Each structure stands twice: as C-alpha cells, then as structure tokens.
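Input: one structure, supplied below.
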Amino acid sequence: MIPIHTDPRMIEHRTPSGHPEKPERLSAILDHWRKTGRLTETNAVAVKEVDRSDLARVHTEAYLKNLEEKSADATDEHLQMLDPDTSMGRSSLRAAKLAAGAAVAAVRQVTAPDAKHRIAFCAVRPPGHHARPHAAMGFCLYGTIAAAAAHARDVLQLDRILIVDFDVHHGNGTQEIFYEDDSVGFLSIHRFPFYPGSGRADETGSGPGLGFTWNVPLGADTSPKNYHAAFEASLEKAAAKTKPQLVLISAGFDAHREDPVGGLGLESDDFRRITRAIRQVADTHAEGRIVSMLEGGYHIERLVESATIHLDALQ
Ligand SMILES: [Zn+2]
C-alpha cells in the first residue's frame with residue numbers, strides 16, 4: 001500500500017463561509033479512504049510541521065515573518081485576509097506547515113537509499129502551487145511542492161527533478177520559484193486564459209532554466225482526447241530533457257467537468273490515464289520514485305472519486 005502522509009489538523013484550517021477550499025475537501029477524502037481500506041494504521045504516516053529552513057529556500061524572509069505576525073492575530077471569527085481569495089484563521093498556518101512538512105517527509109521517504117516505498121501521497125490542505133516567493137495567492141500560503149523540490153535539490157543533492165502539475169490552474173508559484181533553475185523542471189497543463197493569468201506556451205524558463213519549463217495551455221472546450229494528446233506529448237519532451245531522478249505531482253482535480261471552480265471537461269476516469277502516463281516517466285527514469293500531493297478540486301464527490309482513481313493508479 002502506498003504511504004499516505006496526512007494529519008487531521010489540516011482540516012482545522014478555516015476559510016470564509018461559502019469558500020470552495022473548505023475543510024470537507026480533505027475530511028471527505030480521508031473518510032472514504034478509511035472506509036475502503038485505503039488508509040489504515042499501516043500506511044498512514046504521521047506528519048510534522050516543516051522546518052523553517054525548508055520554507056526559507058522558496059520564500060523571502062520578509063514574507064515568512066509577515067505570515068507569522070498575521071497568524072498571531074488571526075482567529076476563526078476574524079480571519080486575516082492575505083489576498084482576496086486567501087485567508088488565515090487560528091489553525092491555518094499550522095495546517096500549511098503540516099502540508100509542507102508532509103511533502104518534505106514524503107520526498108525523504110521515497111528517496112532514502114533503503115526505501116521500502118517508491119511512491120507516496122500527501123493528502124494535504126491548504127494547496128500550495130500559487131504561493132509566490134513573497135506572497136500568498138489563490139488559497140495557497142506556502143509553496144508546498146516547491147519546498148519539497150528544493151529540499152530534494154539542496155539537502156538530498158538531486159539535480160534532476162520534474163514537477164508535473166495537472167491542476168486546472170497554472171502553477172504560477174512553482175513556476176516562478178524554479179524559473180531560472182535547470183535542476184527542477186516544471187510542466188503545467190491548465191485551462192487558459194484563466195486564473196491566475198500566466199502559463200502561456202512561450203513561458204519556457206530563463207537563464208540556466210531556459211527550456212526547463214513546459215506550459216500546456218488549453219481552451220475551456222478542449223476534449224479529453226485532445227487533453228491527453230497534448231499532455232502526453234509535452235510530458236514526453238519534459239521527461240527526455242530532464243531524465244528525472246524524482247517526479248513530483250501537483251495533483252489538482254479541478255479540471256473535472258463538474259468542478260464548480262475550474263472545469264475542463266475531464267471525467268474522473270481521465271485521471272487514471274494522466275496518472276499512468278506520469279508513472280511511466282518515473283519508471284523509465286526515476287526508479288519509480290513519485291511523490292504526489294493534493295492541490296485543488298472543489299466538487300466534493302468528484303474530488304473524492306478522482307483522487308481515489310489517482311491513488312489506485314499510483315499503486
Ligand atoms: Zn486549481
């Protein structure tokens with residue numbers, strides 16, 4: 001069974017009433033996985049808050065301080081707004097630190113020389129791929145996947161890491177953090193034009209990182225068939241160029257046809273094909289090493305269904 005890094009304290013992160021990034025997203029997934037034997041005492045991995053040094057690799061010191069100060073004033077009755085979509089309550093910063101801690105621990109787990117598991121999943125919230133070096137954005141406080149990739153690069157000394165982001169939104173924060181980096185490749189497939197506005201095909205990296213960013217922008221009416229064709233072609237290029245030792249996945253399920261926030265015509269079962277394509281890359285280059293982490297997905301039933309299909313396709 002795939003180890004699942006998660007912690008119920010991430011459910012305590014409160015967002016404004018009616019906000020799509022609600023606690024039920026995570027509790028519904030965990031409830032379903034417990035009920036169906038996918039999450040048991042055997043494969044549940046306890047999560048610790050991330051080390052500050054892991055956040056400092058991807059965020060400015062001023063931003064980290066700012067979040068800590070605002071968190072001290074935040075209560076669940078008076079949420080601190082960080083941007084029009086992103087807020088902090090009493091337990092939010094702890095949840096974000098647990099999410100990033102899960103990602104780093106999962107990367108350490110699958111890359112250990114005596115690793116028993118090559119694949120791990122992080123069932124976390126808040127999401128992270130929009131968080132910028134100096135600012136919160138789009139429901140995200142910390143660059144969760146970015147902190148994990150930077151840890152793999154700087155602490156574990158991996159120099160070929162590939163991040164694949166299939167959330168319906170462009171992973172602008174992850175892209176920005178590694179835009180000039182040739183050791184962390186970034187591939188994002190997303191609806192375009194759409195929030196957050198970036199992710200054009202001609203955004204391909206700069207400096208030493210030129211050619212290590214791949215964007216696949218797709219119109220809202222793209223068919224699943226065309227989605228898979230575009231994704232697989234781009235993934236093949238990214239894999240050939242990076243030959244990754246480790247594959248990280250920003251697994252957002254808001255490209256589902258029924259998602260109230262995103263929506264790109266995918267059915268739950270399409271996430272099986274996406275996952276298998278990524279697994280094949282990991283099997284070819286990375287000795288099968290994958291860490292996948294939850295990003296978006298806002299239709300609770302379809303989120304649970306899609307995330308379960310993704311998890312099963314990773315097994
Ligand atoms: Zn999203």
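What follows draws every value from the coordinates through simple rules; no lab data is involved. What you see is a predicted model, and the numbers here were worked out from it, not measured in a lab. Note that each Cβ is placed from the backbone with ideal geometry, even for glycine, and that neighbours are counted across all protein chains shown.
Shape call for the stretch 167-283 from the C-alpha gyration tensor, a ≥ b ≥ c root eigenvalues: rounded (a/c under 1.5), prolate (a/b greater than b/c) or oblate?
It is oblate, given that a/c is not under 1.5 and a/b is not larger than b/c.
Follow-up question, since we're still on this one. For the stretch 247-253, in order, what is each residue's ³J(HN,Hα) by Karplus, 6.51 cos²θ - 1.76 cosθ + 1.60 with θ = phi - 60°, in whole Hz (x at glycine and Pro)?
Rounded to whole hertz, the list is 10, 10, 10, 8, 8, x, 10.
Take each of the peptides 50-61, 280-291, average the number of other beta-carbon atoms within 10 Å over its residues, and list them starting from the highest.
280-291, 50-61
Ranked highest first by average number of other Cβ atoms within 10 Å, how do 226-232, 109-115, 124-130 line up?
124-130, 226-232, 109-115
Shifting gears a bit: So what J values fall out for the stretch 218-223 if you push phi through Karplus, 6.51 cos²θ - 1.76 cosθ + 1.60 with θ = phi - 60°, rounded to Hz, Gly and Pro as x?
Karplus values, whole Hz, x for Gly and Pro: 10, x, 4, 9, 4, 6.
While we're here: Could you tell me the center-to-center distance, by alpha carbons, between the stretch 4-73 and the stretch 148-163 in angstrom?
Their Cα centres are 22 Å away from one another.
Could I ask something else about it? Tell me which lysines have Cα within less than 18 Å of residue 225's Cα, excluding those fewer than 8 residues away on the same chain?
The qualifying lysines are none; the list is empty.
Using amide H atoms built in the peptide plane, which far-off residues or other-chain residues are under 5 Å from residue 82 H to H?
Residues meeting the criterion, in which the H sits 1.01 Å from N, are 87, 88.
Next question. Could you please report the charge total around residue 188, scoring K, R as +1 and D, E as -1 over all other residues with beta-carbon less than 10 angstrom from its beta-carbon?
Net local charge, residue 188 excluded: -3.
Sticking with this one: Could you order the peptides 97-108, 175-186, 65-76 from most to least packed, using the average number of other C-beta atoms within 10 Å per residue?
Descending packing order for the listed peptides: 97-108, 175-186, 65-76.
Would you kindly derive the ³J(HN,Hα) couplings of the stretch 186-194 from the backbone phi angles with the Karplus curve 6.51 cos²θ - 1.76 cosθ + 1.60 (θ = phi - 60°), listing them in order in whole Hz, with x for Gly and Pro?
9, 10, 10, 10, 7, 6, 7, x, 5
Taking only complete DSSP H runs, can you tell me which helices of the chain stretch 24 Å or more along their own long axis by Cα positions and average at least -1.0 on the Kyte-Doolittle scale?
Result, helices passing both filters: 92-111, 224-242.
Counting Lys and Arg as +1 and Asp and Glu as -1, what is the net charge of the other residues whose Cβ lies under 9 Å from the Cβ of residue 263?
Value of the local net charge: -1.
Could you tell me what a quarter of the Cα convex hull surface of the stretch 4-314 works out to, in nm² with one decimal place?
14.1
What is the set of long-range amide H partners of residue 134 at a cut-off below 5 Å, with H atoms built 1.01 Å from backbone N?
Distant-sequence amide H within range of residue 134: 60.
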